[in-house]
Amino acid sequence: MSETALEIRGVAKRYAAHVAVRDLSLTVPTGAVYGLLGPNGAGKTTTIRMILNIIAPDEGTIRVLGRPNTETAVLDRLGYLPEERGLYKTMVVRDVLRFLGALKGVGTHEADRRIDEWLDRLSLRSESKDWGKAKVEELSRGMQQKVQFIGTLLHDPELVILDEPFSGLDPINAQALKDTVVDLKRRGRTVIFSTHLMDNAERLCDAVCIIARGEKVLDGTVAGVKAAAGDRTVALALDGSADPAVMTILHDPTLVTRLDDRSRSFEVTLADGADAQTLLTRLVGAGARIQRFERVQPSLHQIFLDRVGATGVEPGMSGHG
Amino acid sequence: MGKLWTVIRREYVERVRSKWFVIVTLFGPLFFGSIMVLPGYLSVRAMREARVANIRIIDATGAGLGARVARRLAPTPLQGEAQAMAAVDTVAPADVTATEAALLDEIQARTLVGVLTVDAATLQAGTARYMGRNAGSVGEVQAIESAIKQALLGSGMEAAGIATEQADALLRLRVRVSAERVTDEGKGGSGLANTIFGFGVAFLLYFSIVFYGQAILRGVLEEKTTRVAEVIVASVKPDILLAGKVIGVGSVGLTQQIVWLASGIGFYTQRSRIFSLLGMEGMPPIPMPSIEAPVLAALVLFFLLGYTLYASLFAAVGAMVGSQEEAQQAAQPVIMLLVFSIIFAQPVLTNPTSRLAEAMSWIPFSAPIIMPMRMTATPVSWTEITLSLLGVALASAACVWLAARIYRVGLLMYGKRPGLGELLRWIRQA
């Protein structure tokens, strides 16, 4: 097995009206859970479509599982869950899954065995009801999403690519998806997913790449990215809400460059030259009742905001990241 | 190849399994069966029900004309033995009025259908009186008139010294003209049958192309609106998906036409058995068109190429739009091309050698419908057929190429329907 599951080198994709991706390079090691992070319109979906050879890059090369992704055989070893999801509505669930499996080279007999396994596992089949025999349109939205996961994973892909997998999922399916990702990692599979939900990424990913305006902003392991962002972050929690005097200190530009205000808890980025000790003294002096004051590594969310900012989305770009 | 097969199989199986396919496919044999059997059956039934044999004849001629008329009105073997011959009352001319009055009561009491009176005037001038409940039926009155005429002819022939049997044989003589078509290659087939067949072929081609072309449009649109396409194009190149769709849906159409054709041939070859089952022996044969094997091969080629041309255009429309309503609008130009072909079917058929007919069988968009019709209705030189086929082949290759490019880009593009400028950009970009 190749050491790297995915290698993108100097890839660019231009459309008539805008540049979707410019000079993007990244490497995903085999067995990693990798997050592709960025605001809407950053070029995530375009990148994923190029990885899957749905669209061809204008420049650069992409290698998947050690082979150029233009080889059709290697694409059968990938699993893809698109952001925009759907199935043939009038088809029977089992037939849809057989069809999706057959497109990846899984025979009917083997597909049936795996479909049974998955239907049981995602509780789509019980003594009383086998949803595998129902038409897709008879299923609830949540059940259709489960069928879609099964379709993505039926051929036991070595590299799984999930585009905004959490969008539109109910909490139960979101948990099922997280469990599945953990299980895939345990079995040595590589998972790449795009998201703009930093909390999920921070919890699930080994490594991340943040892109904005079609360009890579930073990449690396989650630990590495956080370490590189320095220790200029303070997690602060107050007993009761902050009074105006406290807020004035927190908005003092000589002390604080960025404040993530969550009403009673704050993530504070210290200004250059400012000292955490000074901040603490001033807060106590202003009468703040402090529950927590801790120097922490910044969250991915904080790093994302720092590096991408509110201007992460290029005007006029919409639709697909 | 395996993936193409997978796509074809899905398209085929899902469609053939649908209720609509079964209904429409079974409708074919039903239709063929009824146009072949029904007219004959209805006319036989009408004859069976005809009540002309069940009347009373008052004969005041004194020459036995009433009995002759009764024999002419007697049921033929085709109509079964159930009905008796009309009864004849031979009366003196003076008693006619009284007998008529008595029988009128019977007609009103519904024990008798009608009364026919023949007398001296009938012998001299051919006039007779009929009164009955069925006097309004033109067919039945005509049957009576013809029976009287034959009876008069019969008695005239006998008077001229011709034996009764001979006279009967002469009177039963039927005249039928069979019109044969003369072509450059010789003669063969029935002219009318060929024209009907030509129109049938054109209509079948038109119907299949519209029906299955729209099926492709809906299929592409379904994949696009449900977003299934997103997953599928990660496994299959759009070109293969498009090809699989066109071939799969085309195979469904072909299956249907084979069922129709087989049932048509079945009905034709088994028709004497079917007629005898319905008690309709002796029906005249149905005229059949003469179609040689090479013409048939050309017809199949025209269908396949024409279908491919229009199917790819419909697929491109499906990839361009985002909803059923938009699709209807965007498909208009393609439908117009088809309608344009079929509205000229009538003038081309009535004058298959005209300039219009020639032009229409050269334009690649109308050729797949007009040329097959023209070549079944009238002989067309093989050079012309080959060149027309070549034109359709080139045009359909160009349409497939264009459609594949629009499809590739459009399938994953949502939002506003592209204008012409953007469409050109898609074609360049793909």
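The values are calculated or read from the model by the stated rules, or taken from the named source; none is laboratory data. This one's a predicted model, so the numbers in the text were calculated from it and none came from an experiment. Ideal geometry is used to build each Cβ from the backbone, glycine not excepted, and the neighbour counts take in all protein chains shown.
Yes or no: the stretch A:210-223 includes at least one residue that is over 30 Å from A:SER167 (Cα atoms) and not in a strand (DSSP E or B). Taking every residue of the stretch A:210-223 in turn, none turns out to be over 30 Å from A:SER167 (Cα atoms) and not in a strand (DSSP E or B).
Being modelled with pLDDT of 85 or more and not in a helix (DSSP H, G or I) is a property that B:PHE365 has. For the stretch A:263-281, the candidate set comprises residues that are more than 14 Å from A:LEU238 (Cα to Cα) and not hydrophobic (A, V, I, L, M, F, W, C); within that set, the residue that is farthest from the chain's Cα centre (by Cα) is A:THR281. Selection of first residues in the stretch A:6-27 that are among the polar types (S, T, N, Q) and of second residues that are surrounded by fewer than 21 Cβ atoms within 10 Å (Cβ to Cβ), restricted to Cβ pairs under 6 Å at least 6 apart or on distinct chains, gives the following pairs, ordered by first then second residue: A:SER25/A:ARG9; A:SER25/A:GLY10; A:THR27/A:THR4; A:THR27/A:GLU7.
For the stretch A:103-128, the tally of residues that are closer than 17 Å to A:HIS155 by Cα and more than 30 Å from the chain's Cα centre (by Cα) stands at 6.
Within the stretch B:222-275, the set of residues being more than 14 Å from every other protein chain (Cβ to nearest Cβ) and among the basic types (Lys, Arg) comprises B:ARG271, B:ARG273. Looking at this structure, is B:THR117 modelled with pLDDT of 85 or more, outside any strand (DSSP E or B) and touching a helix residue (DSSP H, G or I) at 6+ places or on another chain (Cβ under 8 Å)? Taking the combined requirement at face value, the residue does not satisfy it.
Selection of the stretch A:224-235 for residues being out of contact with any helix residue (DSSP H, G or I) (no Cβ under 8 Å at 6 or more places or on another chain) and not in a helix (DSSP H, G or I) yields A:GLY230, A:ASP231, A:ARG232, A:ALA235. Within the stretch B:1-10, one or more residues are within 15 Å of B:LEU241 (Cα to Cα), at pLDDT below 75 and more than 21 Å from the chain's Cα centre (by Cα).
Checked against (1) assigned to a helix (DSSP H, G or I); (2) surrounded by 13 or more Cβ atoms within 10 Å (Cβ to Cβ), B:ASP105 passes all but a single condition, namely (2). Every test in (1) buried (at least 19 other Cβ atoms within 10 Å of the Cβ); (2) within 16 Å of the chain's Cα centre (by Cα) is passed by A:ALA174 save one, and that test is (1). Considering the stretch A:85-116, the residues that are of a type in the set (A, V, I, L, M) and more than 10 Å from chain B (Cβ to nearest Cβ) include one that is farthest from A:ILE150 (Cα to Cα), namely A:VAL106.
Note on the stretch A:67-78: residues that are more than 9 Å from chain B (Cβ to nearest Cβ) and either within 21 Å of A:GLY132 (Cα to Cα) or surrounded by fewer than 22 Cβ atoms within 10 Å (Cβ to Cβ) (or both) total 7. Scanning the stretch A:207-217 for residues that are more than 15 Å from the chain's Cα centre (by Cα) and aliphatic (A, V, I, L, M) yields one hit, A:VAL217. When the stretch B:120-141 is filtered for residues that are over 20 Å from B:LEU153 (Cβ atoms) and part of a helix (DSSP H, G or I), the ones remaining, listed by number, are B:VAL138, B:GLY139, B:GLU140. Cβ-Cβ below 6 Å, separation at least six or inter-chain, first residue in the stretch B:1-25 and facing chain A (nearest Cβ under 8 Å), second aromatic (Phe, Trp, Tyr) and in a helix (DSSP H, G or I): which pairs? Sorted first by the residue in the stretch B:1-25, then by its partner, the pairs are B:ARG10/A:PHE99. Which members of the stretch A:1-26 meet the condition of being in a loop (DSSP other than H, G, I, E, B) and either within 14 Å of another protein chain (Cβ to nearest Cβ) or at pLDDT 90 or above (or both)? Residues satisfying the conditions are A:TYR15, A:ALA16, A:ALA17, A:HIS18.
In the set B:THR97, B:THR111, only one residue is in the same structural domain as B:ALA151 (by TED's automatic domain parsing), outside any helix (DSSP H, G or I) and modelled with pLDDT of 75 or more; that residue is B:THR111. Residues that are over 17 Å from B:TYR310 (Cα atoms) and buried (at least 17 other Cβ atoms within 10 Å of the Cβ) within the stretch B:359-378 comprise B:MET373, B:ARG374, B:MET375, B:THR376, B:ALA377, B:THR378, listed in sequence order. Only residues that are outside any helix (DSSP H, G or I) and within 14 Å of another protein chain (Cβ to nearest Cβ) were counted across the stretch A:143-193, and they come to 13. Screening the stretch B:241-264 for residues that are of a type in the set (A, V, I, L, M, F, W, C) and modelled with pLDDT of 90 or more and picking the one that is farthest from B:ARG408 (Cα to Cα) gives B:VAL252. Scanning the stretch B:201-231 for residues that are part of a helix (DSSP H, G or I), over 31 Å from the mean Cα position of the chain (by Cα) and surrounded by fewer than 19 Cβ atoms within 10 Å (Cβ to Cβ) yields B:GLU222, B:THR225. Considering the stretch B:390-427, and only residues there that are closer than 16 Å to B:ILE240 by Cα and more than 14 Å from chain A (Cβ to nearest Cβ), the residue that is surrounded by the most Cβ atoms within 10 Å (Cβ to Cβ) turns out to be B:ALA403.
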